[in-house]
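First up is the structure itself, then whatever we jot down about it.
Each value in this text was obtained by applying a stated rule to the coordinates, not by laboratory testing. Computed from a predicted model, the values in this text were never measured in an experiment. In this analysis, Cβ positions are derived from the backbone assuming ideal geometry, glycine residues included, and neighbour counts consider all displayed protein chains.
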Ligand code: 13P
Ligand code: SF4
């Protein structure tokens with residue numbers, strides 16, 4: 001059983017698009033006509049962040065998808081995020097601009113192998129990062145995001161051993177932070193795994209006093225130099241509230257757009273890759289989504305996420321546990337309405 005991403009019948013294609021079309025006003029019109037809401041992750045291209053109704057981290061956007069009264073959710077993010085929206089809001093139409101927007105963590109954790117991993121550790125509770133397929137969620141006990149994982153682990157009995165998949169860097173950081181016995185799946189995010197410790201040390205020496213804010217998907221060589229480690233939302237809160245003027249950002253670089261909007265007088269320097277450049281910090285999956293494809297997805301109401309009901313119900317259980325065990329949403333952690 002798998003999620004299906006449905007193409008559109010008789011779809012309007014990119015080749016048929018009038019190049020003079022004002023996509024911004026057309027998308028606004030479609031939003032009204034179709035009672036649609038646009039959700040965007042911080043890693044999306046700036047124009048997708050700016051046109052969205054809400055921009056947030058994975059937990060913010062899951063909550064927004066669960067709470068919306070729109071008829072159509074247009075998810076500017078990657079496929080597992082749109083899948084979560086459909087699992088939580090099955091009566092809504094859920095579309096995403098590009099059906100190929102996957103995730104290296106999802107790819108690293110095939111459901112069959114994950115089921116065998118679980119079966120080999122019958123005494124462990126399975127905490128699974130939200131960056132995985134619906135089929136892997138269905139085999140899990142509790143889903144977590146980087147913003148609620150520590151909070152959820154702290155609610156588990158101290159002697160409860162934990163299986164964590166699919167991100168070994170996030171899992172390793174959680175094990176160190178909580179002191180818990182954790183068996184880790186060997187997956188990585190190809191964006192956060194590529195930052196270079198050597199180049200980061202060099203950059204820090206050139207910008208002394210600039211705190212390093214890092215996502216826990218980064219490898220330990222980066223995390224040990226970080227002044228703040230947290231989800232995208234938490235990094236954004238940190239840099240906007242801290243008194244310093246300059247920051248080094250070790251996560252996908254498009255979040256810097258949001259930082260500049262919220263703190264226009266501050267400077268944000270992307271953490272470097274192995275050759276000293278920051279090109280590594282661009283998620284190749286997130287960048288598949290464009291304004292043009294967003295427009296086409298709204299016209300065609302496709303690609304659309306469909307999940308067999310039995311699979312949806314199995315994947316829903318660990319997601320509902322996550323929502324029940326998460327810290328309460330407060331105004332600071334609510335998704336931001338875009339201007
Ligand atoms: P968060 O926004 O939850 O921190 O997730 C980061 C990420 O890599 C999403 O793909
Ligand atoms: Fe997946 Fe990494 Fe891209 Fe996030 S940034 S979608 S974890 S590959």
Quick one: check the C-alpha center-to-center distance for region 249-264 versus region 199-235, whole angstrom. 14
Helix-derived mean residue ellipticity, 222 nm - over the chain, DSSP H n ≥ 4, -39500 (n - 2.57), to 500: -11000 deg cm²/dmol
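Mind sorting 68, 251 by how few other Cβ atoms lie within 10 Å of their own Cβ, fewest first?
Numbers: 68 20, 251 29.
Starting with the residue having the fewest Cβ neighbours, the order is 68, 251.
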Regarding region 142-243, what is the average projected area of its C-alpha convex hull, in nm²? 7.0
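Report, for the chain, the % of DSSP beta bridges that are antiparallel, rounded to 5.
Counting DSSP beta bridges with both partners in the chain, the antiparallel share is about 20 percent.
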Check: C-alpha center region 72-98 vs C-alpha center region 160-187, spacing in Å is 28
Between 133, 205, 58, which gets the highest mean-square fluctuation from a Gaussian network model of the chain, Cα cutoff 10 Å? 205
Can you pull the three principal axis extents for the Cα set of the chain, in Å, largest first? 53, 50, 36
Any idea how far apart residue 205 and residue 67 come out in nm if each label point goes 7 Å out from Cα toward Cβ? 4.7
Once you have a ≥ b ≥ c as the square roots of the Cα gyration tensor eigenvalues for region 207-339, tell me rounded if a/c is under 1.5, and otherwise prolate or oblate according to whether a/b is larger than b/c. prolate
Pseudo-spin-label distance residue 26 to residue 267, built 7 Å along Cα→Cβ, given in nm, is 4.1
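With a 10 Å Cβ neighbour count serving as the proxy for reagent exposure, in which order, fewest first, do 89, 208, 62 appear? Write out the running numbers ahead of the final one.
Details: 89 19, 208 7, 62 26.
Least crowded to most crowded, the residues run 208, 89, 62.
With 10 angstrom as the radius, rank 42, 54 by how many other C-beta atoms surround their C-beta, starting from the fewest.
Numbers: 42 27, 54 19.
Least crowded to most crowded, the residues run 54, 42.
Would region 20-70 count as rounded, prolate or oblate if I go by the C-alpha gyration tensor, calling it rounded below 1.5 in a/c and otherwise prolate when a/b exceeds b/c, oblate otherwise? Don't jump to the answer; show the numbers that get you there.
Details: a/c = 4.42, a/b = 1.36, b/c = 3.26.
It is oblate, given that a/c is not under 1.5 and a/b is not larger than b/c.
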Yeah, region 261-315 with a ≥ b ≥ c from its alpha-carbon gyration tensor (a/c under 1.5 is rounded, else prolate when a/b outruns b/c, oblate otherwise) is prolate
Would you calculate the convex hull of the Cα atoms in region 1-137 and tell me its volume per residue in Å³? 135
Between region 124-145 and region 41-60, the Cα center-to-center distance that results, in Å: 23
